1. Work out, step by step, the length gained on full extension between Gln47 and Gln76: first 0.36 nm times the residue separation, then minus their alpha carbon distance; give nm to one decimal.
2. Quick check: with the 1.4 Å probe, what order do Glu65, Glu13 take by accessible area, largest first?
3. With an 8 Å Cα cut-off and a minimum separation of 6 or more residues, compute the relative contact order for the stretch 107-176 in percent.
4. By how many nm would the segment from Lys68 to Leu162 lengthen if fully extended, with 0.36 nm per residue of separation less the alpha-carbon distance?
5. Compare the Cα positions of Thr6, Met19, Thr35 along the charge dipole of the chain (+1 at Cβ of Lys, Arg; -1 at Cβ of Asp, Glu; about the Cα centre) and return the one farthest towards the positive end.
6. When only the heavy atoms of the protein chains count and the probe is 1.4 Å, how do Arg109, Arg122, Arg21 rank by accessible area, highest first?
7. Using 7 Å Cα-to-Cβ label points, what is the Lys155/Leu173 separation (nm, one decimal)?
8. Compute the distance in nm between two label points, each set 7 Å from the Cα along the Cα-to-Cβ direction, one at Glu13 and one at Ala111.
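The values are calculated or read from the model by the stated rules, or taken from the named source; none is laboratory data. Computed from a prediction, not measured in an experiment: that's the story for all the values here. Neighbour counts run over all protein chains shown; Cβ positions are idealised from the backbone, glycine included. Calculation scope for accessible area: heavy atoms of the full protein, side chains included, ligands and nucleic acids excluded. Shrake-Rupley method; radii C 1.70, N 1.55, O 1.52, S 1.80 Å.
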Amino acid sequence: MNTNRTVLIIDDETATLTMFRLFLDAYGYTVFTATDGETGLQMVRDQCPGIVFTDLKMPGMDGFEVLKQIKKKSPQTEVIVITGHGDMDHVVRALNLNATDFINKPIGRNALDAALQRAEARLDSDPEKSPPIQAAISSGIGVLSIHGTLGEQHKNQLLSSLEQILGERPTGLVIRFYPHSAVNGAGID
């Protein structure tokens with residue numbers, strides 16, 4: 001894990017904050033915690049963390065509003081939502097608001113490790129060197145390559161890339177997702 005990363009955890013449950021702090025401290029992260037959404041947003045402004053974990057169900061400002069505000073201010077921040085096990089409607093809603101990942105409570109170490117690894121990979125990717133969408137024709141087959149996280153802001157680029165490929169009249173189409181790629185946002189159906 002990259003020790004230069006700063007992580008913020010926003011959750012109203014002290015036990016969850018303690019568990020996160022223990023794991024993330026051991027991994028070498030600088031860890032900040034907040035017990036409510038308002039405090040969490042202030043910490044995002046003050047500390048500029050690369051990764052934020054936020055619970056969705058909190059009193060006062062819920063995790064959905066926290067997510068919206070973080071993505072509005074800092075779209076490159078990796079926001080991973082924490083949700084109750086089996087609460088997939090909330091997960092879908094959060095992903096449509098550009099959350100980059102989710103983990104279920106109770107949080108297991110393997111799930112935490114995987115979410116951190118995906119977030120680190122996305123933070124370390126250079127969008128200038130690898131645009132999020134690439135279109136090509138290979139042996140008569142259209143290849144659409146997806147790098148990083150696509151959201152609603154990529155809809156026009158995605159449509160344009162598909163039109164480019166289809167204009168070549170390929171015999172087939174392959175959509176290739178590179179490791180740690182994701183498609184989020186209601187704008188991409």
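1. Working: separation 29, 0.36 × 29 = 10.44 nm, distance 1.44 nm.
Answer, rounded to one decimal: 9.0 nm.
2. On the way: Glu65 60, Glu13 85 Å².
Ranking Glu65, Glu13 by accessible area, largest first, yields Glu13, Glu65.
3. Over the stretch 107-176, the number comes to 33 percent.
4. 30.9 nm
5. Thr6
6. Arg109, Arg21, Arg122
7. Once both label points are built, they end up 1.7 nm from each other.
8. 1.0
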